[in-house]
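Attaching a single structure in structure tokens format; questions to follow.
Every number in this text was worked out from the coordinates using simple rules, so none of it is lab data. Every value quoted in this text rests on a predicted model; they were computed, and no experiment measured them. Glycine also receives a Cβ, built like all others from the backbone with ideal geometry; neighbour counts cover every protein chain displayed.
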Amino acid sequence: MRSVVLVFLIGSIFMSSACSLFVAFDDPPEPKCDMVPPDCSVEACLVFQECAPVDCDFNYIYYDSPPACPGNEECIWIEDQGMPMCVSGIYFSEDNFYDRCNADGLCPHGAVCVPGMTGSPSVCIPYCQMLEHARCPEEGKCYRMDNSAMFDICFRPDGCDPVKNKGCPSGEGCYYIPTSETTCLPSGNKVAEERCKILWDCAGGHICSDVVVGEYGSCKKVCKVKGDCPPGETCNLVGEFGFCQLDVNPL
């Protein structure tokens with residue numbers, strides 16, 4: 001994945017002389033802290049009070065939370081325990097937000113590995129909290145879940161075309177996030193009317209519709225006008241785009 005542009009300002013200075021056989025390399029400068037609010041994963045931001053070490057609790061489980069655990073541990077929410085806990089850094093990967101979970105099923109701190117059905121990808125989805133912590137990594141956007149959800153989730157709007165399924169790197173599909181954004185994610189291969197549990201079970205250009213907790217939904221083709229759908233189907237708009245469904249009053 002191109003990958004999506006963490007807001008770290010990483011630079012390097014290359015110096016050479018046309019009259020010398022030697023090439024000198026300077027060490028790369030420390031990333032600057034010019035984020036508002038500071039990104040506590042950038043060392044230069046740690047001088048800010050909001051990046052001072054704190055006790056691990058619900059407010060410090062996000063990707064850019066200040067240090068809240070000793071050593072290389074990270075503060076995360078443990079669902080089985082119903083509480084936040086410090087966990088060794090060996091249980092986290094790096095730089096695969098919005099991408100496939102790594103070979104060990106790991107994601108960066110602040111994201112969770114969300115599996116699809118058998119044969120579908122598992123994807124690292126960052127979590128956020130719309131009211132308390134709406135920031136997302138790599139230019140992502142926080143999207144509200146239902147009222148019963150403890151967290152909201154991040155996607156990165158990519159401006160791809162979900163009707164033609166174009167504008168994403170190889171191995172990824174374009175998906176519609178109602179009511180207007182589109183995003184590139186690792187894609188499954190299920191097409192219209194095949195069952196699904198989550199968005200990326202479906203091939204790009206589809207959504208997973210009518211999912212009930214503990215049950216399956218079905219993949220639906222994304223559309224913008226009726227002409228995007230097969231004969232006998234109409235486009236049910238949900239914001240800028242919609243999905244194809246059987247025509248209630250076929251002509």
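Straight-line reach from LYS226: which lysines have a Cα under 25 Å away, not including same-chain ones fewer than 8 places off?
Straight-line reach from LYS226, under 25 Å: LYS164, LYS166, LYS190.
For each of ASP161, ASP146, count neighbouring Cβ atoms within 10 Å of the residue's Cβ, then give the residues from fewest to most.
ASP146, ASP161
Taking the Cα centre as origin and putting +1 on Lys and Arg beta-carbons and -1 on Asp and Glu beta-carbons, what dipole magnitude results for the range 172-246, to the nearest 20 debye?
80
Could you work out the local net charge near MET130, counting Lys and Arg as +1, Asp and Glu as -1, over the other residues with Cβ closer than 9 Å to its Cβ?
Overall, the nearby charge balance is -1.
Could you tell me which of rounded, prolate or oblate describes the range 23-174, using a ≥ b ≥ c as the square roots of the eigenvalues of the alpha-carbon gyration tensor, with rounded for a/c under 1.5 and, failing that, prolate when a/b is larger than b/c and oblate otherwise?
oblate
Using amide H atoms built 1.01 Å from N in the peptide plane, name the residues 5+ places from GLU233, or on other chains, whose amide H lies under 5 Å from its own.
Hits under the 5 Å cutoff: ASP247.
For LYS141, what residues show an amide H to amide H distance below 5 Å, using hydrogens built from the backbone and excluding near sequence neighbours?
PHE155, ARG156
Can you list the lysines whose alpha carbon sits under 30 Å from that of LYS32, skipping same-chain ones fewer than 8 residues off?
By straight Cα distance, LYS32 reaches LYS141.
Can you list the HN-Hα couplings for the range 223-235, worked out from phi with the Karplus curve (6.51, -1.76, 1.60; θ = phi - 60°), rounded to whole Hz and with x for Gly and Pro?
So the J values, rounded to whole Hz, are 9, 10, 9, 4, x, 7, 9, x, x, x, 10, 10, 9.
Please give me, ordered by residue number, the chymotrypsin sites (Phe, Trp or Tyr not before Pro) of the range 162-231 that lie in loop per DSSP and have at most 14 other Cβ atoms within 10 Å.
Taking the range 162-231 and a limit of 14 other Cβ atoms within 10 Å, the loop chymotrypsin sites (Phe, Trp or Tyr not before Pro) found are TYR216.
In terms of the Cα gyration tensor, with a ≥ b ≥ c the square roots of its eigenvalues, is the range 91-233 rounded because a/c is under 1.5, prolate because a/b exceeds b/c, or oblate?
Prolate.
Continuing with the same structure: Counting Lys +1, Arg +1, Asp -1, Glu -1, what net charge surrounds ILE90 among other residues with beta carbon under 15 Å of its beta carbon?
Overall, the nearby charge balance is -4.
Give the long-range amide H neighbours of GLN129: residues separated by 5 or more places, or on another chain, with amide H under 5 Å away, using H modelled in the peptide plane at 1.01 Å from N.
ALA134, ARG135, ASP152
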